[in-house]
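So the structure is just underneath, and the comments pick up after that.
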Amino acid sequence: MRKPIIAGNWKMHYTVDEAVKVARELKELVKDAEADVVICAPYIQLPALVEELKGTNVKVGAQNMHFEEKGAFTGEIAPAMLTDLGVEYVIIGHSERRQYFNETDETVNMKLKTAYRHGLKPILCVGESLEERENGTTKDVIENQINKAFFEVSPEDAKETVIAYEPIWAIGTGKTATSEQANETIGQIREMVGNLYGAGIAAAVRIQYGGSVKPSTIKEQMGMSDIDGALVGGASLLADDFSKIVKF
Ligand code: PEP
């Protein structure tokens, strides 16, 4: 049995004080949750969030990191800076980073390998554009992303990766993929992982759906055979909404 994992992506929202306030409310609301719970916040909030959430079941993640250990990379954050704070998760390859910040399948692969080396748990994002969905290339596009992301990644590390299937056309648009569409593509991703690593790892790896998930959609989504959780943007910003998703 795969343990569900619900992760919030706060993107570029909140000051430190605002973030701590939401985390304080959230930890009370989700303390008996059966799913793993993660908040992925802007870097500057991470120390305060780790402190606020210490000893609770809410884990803290970053939204990105550099693939190098250190060096002349102005404005970037190294993996050891995250682990040193107590950060446990990191989103890799979010479509907004691919779209606006030149993230490529190659940098995604490098970042994954760096994350494993540092004991950070990656949430690897993959997904197709609306045009790709409409011209019937969804499966090919995602297979290419998966194969390149896992290039030279060991089976042990692949197994610990959380994959988030996020159709780009459903992110922040209010348009949710139907539960059947999401489950079908996630089933295909599981097969792709199986082609690379075998049936045992495919059955163990956790795959989330992301794209306008809300309290009103989560129950049906989590009822699907291959959906193991959600990566939630907008609806993770308020503790009340997010707690309802976590406790689907
Ligand atoms: C996301 O940020 O990964 C996301 C899915 O956003 P939203 O839930 O707002 O669509």
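In table form, for the structure just shown:
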read-out: All positions within the stretch 169-185 that are within 14 Å of the ligand (Cβ to nearest atom) and assigned to a helix (DSSP H, G or I); value: W169, A170, A182
read-out: Qualifying position, being free of Cβ contacts under 8 Å to residues at least 24 places away in the same chain and within 19 Å of the chain's Cα centre (by Cα), among T74, T83, T104, T114; value: T104
read-out: Contacts under 6 angstrom Cβ, first residue in the stretch 230-248 being without any contact (Cβ under 8 Å) to a residue 60 or more places away in the chain and surrounded by fewer than 24 Cβ atoms within 10 Å (Cβ to Cβ), partner assigned to a helix (DSSP H, G or I) and among the small types (G, A, S), 6 or more apart; value: D241/A235
read-out: The stretch 217-248, subset within 19 Å of T178 (Cα to Cα) and part of a loop (DSSP other than H, G, I, E, B), residue farthest from the ligand (Cβ to nearest atom); value: S225
read-out: Of the criteria (1) aliphatic (A, V, I, L, M); (2) part of a helix (DSSP H, G or I); (3) away from the ligand (no atom under 16 Å from the Cβ), which one V153 fails; value: (2)
read-out: Residue list for the stretch 197-216, filter: under 18 Å from the mean Cα position of the chain (by Cα), in contact (Cβ under 8 Å) with a residue 40 or more places away in the chain and part of a helix (DSSP H, G or I); value: A204
read-out: Any pair with Cβ under 8 angstrom, 6 or more apart, that starts in the stretch 144-168 at a residue that is in contact (Cβ under 8 Å) with a residue 60 or more places away in the chain and ends at one that is of a type outside the set (F, W, Y) and assigned to a helix (DSSP H, G or I); value: E166/S95; I168/S95; I168/Q99; I168/L130
read-out: Some residue of the stretch 195-215 being charged (D, E, K, R) and touching a Gly at 6+ places or on another chain (Cβ under 9 Å); value: yes
read-out: When residues of the stretch 116-144 are limited to those that are closer than 22 Å to G233 by Cα and hydrophobic (A, V, I, L, M, F, W, C), the one surrounded by the fewest Cβ atoms within 10 Å (Cβ to Cβ); value: L130
read-out: The stretch 87-110: number of residues that are touching a strand residue (DSSP E or B) at 6+ places or on another chain (Cβ under 7 Å) and not aliphatic (A, V, I, L, M); value: 5
read-out: A48 vs. criteria surrounded by 15 or more Cβ atoms within 10 Å (Cβ to Cβ) and either more than 30 Å from K219 (Cβ to Cβ) or free of Cβ contacts under 8 Å to residues at least 24 places away in the same chain (or both); value: yes
read-out: The one condition in (1) free of Cβ contacts under 8 Å to residues at least 40 places away in the same chain; (2) among the hydroxyl-bearing types (S, T, Y); (3) within 23 Å of N109 (Cα to Cα) that T178 fails to fulfil; value: (3)
read-out: Residue within the stretch 33-54 that is out of contact with any Phe, Trp or Tyr (no Cβ under 8 Å at 6 or more places or on another chain) and at positive phi present; value: no
read-out: Count - residues of the stretch 71-123 that are in a helix (DSSP H, G or I), within 16 Å of the ligand (Cβ to nearest atom) and not basic (K, R); value: 5
read-out: Qualifying residue in the stretch 192-207 (condition: in contact with a Lys or Arg (Cβ under 8 Å, 6 or more places away or on another chain) and within 11 Å of the ligand (Cβ to nearest atom)); value: no
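Each value in this text was obtained by applying a stated rule to the coordinates, not by laboratory testing. What you see is a predicted model, and the numbers here were worked out from it, not measured in a lab. Please note: Cβ atoms are built from the backbone with ideal geometry, for glycine as well, and neighbour counts cover all protein chains shown.
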